[in-house]
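Notes follow the structure.
No value in this document is a laboratory result; all are computed from the given coordinates. The structure displayed is predicted, hence computed values, not measured ones. When we count neighbours, we look across all protein chains shown, and the Cβ atoms used for this are built from the backbone with ideal geometry, even at glycine.
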Amino acid sequence: MNVYLCYDVKGIQSFIFKIPKLKYIVGGSALIDQFDKETMKNLESTGAKHIFSGGGKGTFLCESDAAVKELKQKIIVQAHAIGIDIRFGQDENFSQAAQHADELYSFVPEMHDGYPCPESGLYPTKTGEKRHPVIQKRLYSRGEKVFRRFEDLLLLDVLIPGKSNNELEFFHNVNIEDSDGKDGAFALGNRNRWAVVSMDGNDMGMQFRTQVKNGLSADEMQHWIKTMSKELDKITMAAASAGIQRVVSEWAGSDKGKEAVVKDGIITLPIRPLVVGGDDIVVLCHSSYAVTFVKEVVRTFEEKSLEKSELWPATNGKLTITAGILYTPVTLPLHTAIPYSESLLGSAKGRGRKNMVSGEASPACIDWEQITDTVVDTPSAKRQRELIFFDEDIQRIVKLTQRPYTMEEFTIVEKMAREYGHDRNRKLPRTIRHKIFPALKKGYAERLAFCAQIKKNHPDLFHAINEFDMAKSAWELNSEKDEQSIKLIDALMLLEEDSRMEKETVK
């Protein structure tokens with residue numbers, strides 16, 4: 001009797017971001033990658049066939065309950081060795097095993113008589129120890145194999161003219177006060193700011209449900225799961241690498257990139273992948289290149305999926321991927337920033353489901369937010385408070401945002417940003433740009449007054465926000481909901497983030 005054994009690293013994000021220091025976060029991410037890509041594959045035996053593993057999840061096909069029990073114990077030992085909680089699901093049916101992975105084995109650290117680990121504040125250490133042994137394993141070190149493997153795979157096809165892959169590395173510290181943090185800070189533009197990007201593939205659950213409806217035999221389902229999972233991981237890796245290459249190419253060609261200091265023969269790049277596996281991607285990136293990364297990943301992910309179209313029966317042979325971007329100070333703890341970016345991702349995925357056509361892939365979508373302090377609520381609460389209001393003058397809801405967008409719609413926002421961002425051509429000076437948002441937050445009469453003020457010197461902007469002639473303006477009216485909305489403020493947000501990066505705040 002064949003039995004599927006599915007494992008799931010419980011709280012993978014909690015594990016990776018448990019210690020709020022970038023070097024430990026990077027190390028935790030590399031350990032998860034090694035656990036999936038190497039450790040689990042090495043546990044394959046005569047009675048337990050490795051089907052796939054990635055993104056903190058995996059599946060084996062076991063010949064008997066005895067084989068399941070033996071394998072489970074091996075996985076628990078390996079999981080607890082690096083400090084992760086692991087849970088299992090087992091069933092003759094793959095879907096049941098995967099969906100009911102609720103048999104939990106929590107990591108219990110070895111307890112010593114000393115103080116809690118000085119580096120992490122976790123787990124008592126032996127007297128005189130600087131770190132608990134489990135914490136030590138995830139401390140990033142440039143030369144150690146476990147950390148280089150994760151980087152080397154993603155740097156394999158990344159090039160800067162005149163440099164080899166071995167001369168490149170992702171930033172792992174951005175604290176200017178640390179000796180090894182200055183290069184990372186420089187790579188981020190010396191601005192104490194970065195973008196947290198979370199991406200996830202669309203419609204994967206539908207692929208499983210469709211194959212079940214298609215009545216695949218047990219052997220056919222097993223073959224499809226194994227092939228599909230491996231190819232999905234390859235597609236995600238290829239898309240992430242392509243996105244990294246695009247960021248590196250644009251950065252290397254910029255004035256800042258040309259000034260990059262080579263330290264110990266290494267150039268520190270303005271991007272840091274944290275999770276790349278399954279159909280999940282989480283990266284930290286120089287704020288000016290976050291959208292560049294997302295657009296290239298979206299393009300490559302879809303393009304590569306078409307090469308394996310037979311694996312995606314639910315969506316006409318194509319896959320798409322969606323993104324959430326949070327622009328934030330580096331001082332905002334990542335255990336707060338990552339969930340926030342994932343909530344933006346969830347918002348974008350919801351937008352894609354609304355636009356989905358039956359039998360086709362959900363459109364790739366994007367949502368983003370920017371914060372300038374460490375006090376955060378939620379994207380919806382922030383927008384409700386700052387960008388949406390009821391205008392008593394016209395008895396209508398006014399929305400100063402249309403986020404999230406499909407990637408197709410996003411091109412309109414980018415075009416609008418370019419049109420209003422040409423300071424050198426004096427198309428729209430920054431002083432005027434900064435007045436638009438406060439003006440549009442006011443009532444109807446005051447918005448019209450602002451229009452009148454800028455009509456002579458800025459006719460294009462006048463026509464864009466002129467509510468007297470709504471049909472020719474950038475305003476969009478939804479009569480059914482008694483509301484009007486505009487993309488302009490979203491475009492100005494992109495310009496504002498670019499403007500922030502122009503002035504260094506770290507020396």
Quiz item: What's log10 of I(q)/I(0) for the range 1-149 at q = 0.15, 0.16, 0.18 Å⁻¹, Debye sum over Cα points only, no solvent?
Solution: -0.77, -0.86, -1.01
Quiz prompt | Relative contact order computed over the chain (Cα-Cα under 8 Å; 6+ residues apart), in percent | solution = 12 percent
Self-check item: Net charge dipole size for the chain [Lys, Arg +1 and Asp, Glu -1 on Cβ; Debye, nearest 20]
Solution: 1160 debye
Quiz item: Which value, to two decimals, describes the C-alpha radius of gyration of the range 416-507 once divided by 2.2 N^0.38 Å?
Solution: 1.18
Quiz item: So what's the projected area for the range 141-376, the Cα convex hull averaged over all directions, in nm²?
Solution: 14.0 nm²
Quiz item: In what sequence do D36, D373 fall when counting other Cβ within 10 Å, fewest first?
Solution: D373, D36
Self-check item: Cβ-derived FRET efficiency at R0 30 Å, S217 paired with T411, nearest 0.05
Solution: 0.10
Quiz item: What net charge do the residues around L104 carry, taking every other residue with its C-beta under 9 Å from that of L104, with Lys and Arg at +1 and Asp and Glu at -1?
Solution: -1
Quiz item: Taking R0 as 35 Å, what's the FRET efficiency between S14 and V261 from their Cβ-Cβ distance, rounded to 0.05?
Solution: 0.50
Quiz item: Residue by residue through the range 147-154, which ³J(HN,Hα) values in whole Hz follow from phi under the Karplus form 6.51 cos²θ - 1.76 cosθ + 1.60 (θ = phi - 60°), with glycine and proline marked x?
Solution: 7, 5, 4, 4, 6, 4, 4, 7
Quiz item: How much length, in nm to one decimal, is gained on full extension between V357 and S499, taken as 0.36 nm per residue of separation minus their Cα-Cα distance?
Solution: 47.3 nm
Practice problem: Give me the percent of Cα-Cα pairs in the range 314-366 that sit more than 15 Å apart, rounded to a whole number. | Solution: 53 percent
Exercise. Report ³J(HN,Hα) in whole Hz for each residue of the range 451-457, in order, from the Karplus equation J = 6.51 cos²θ - 1.76 cosθ + 1.60 where θ = phi - 60°; Gly and Pro get x.
Key: 4, 5, 5, 9, 4, 5, 8
Quiz item: Counting each DSSP H run of 4 or more residues in the chain as -39500 (n - 2.57), what helix-only mean residue ellipticity at 222 nm follows after dividing by all residues, to the nearest 500 deg cm²/dmol?
Solution: -13000 deg cm²/dmol
Quiz item: Could you name the lysines in cross-link range of K456, using Cα to Cα under 29 Å and dropping any fewer than eight places away on the same chain?
Solution: K399, K415, K427, K435, K441, K442, K472, K487
Exercise. May I ask you to list the lysines whose Cα is less than 16 Å away from that of K69, ignoring any residue fewer than eight positions away on the same chain?
Key: K49
Self-check item: Calculated SAXS-style log₁₀ I(q)/I(0) at q = 0.05, 0.08 Å⁻¹ - the chain, Debye, Cα scatterers
Solution: -0.23, -0.57
Practice problem: Rounded to whole Hz and in sequence order, give me ³J(HN,Hα) for the range 240-252 from the Karplus expression 6.51 cos²θ - 1.76 cosθ + 1.60, θ = phi - 60°, writing x for Gly and Pro. | Solution: 5, 4, 5, x, 4, 4, 4, 4, 4, 4, 5, 5, 4
Self-check item: For R148, R193, R246, order by how many other beta-carbon atoms lie within 10 Å, fewest first
Solution: R148, R246, R193
Exercise. Take D233, D264, D393 and order them by how many other Cβ atoms sit within 10 Å, fewest up front.
Key: D264, D393, D233
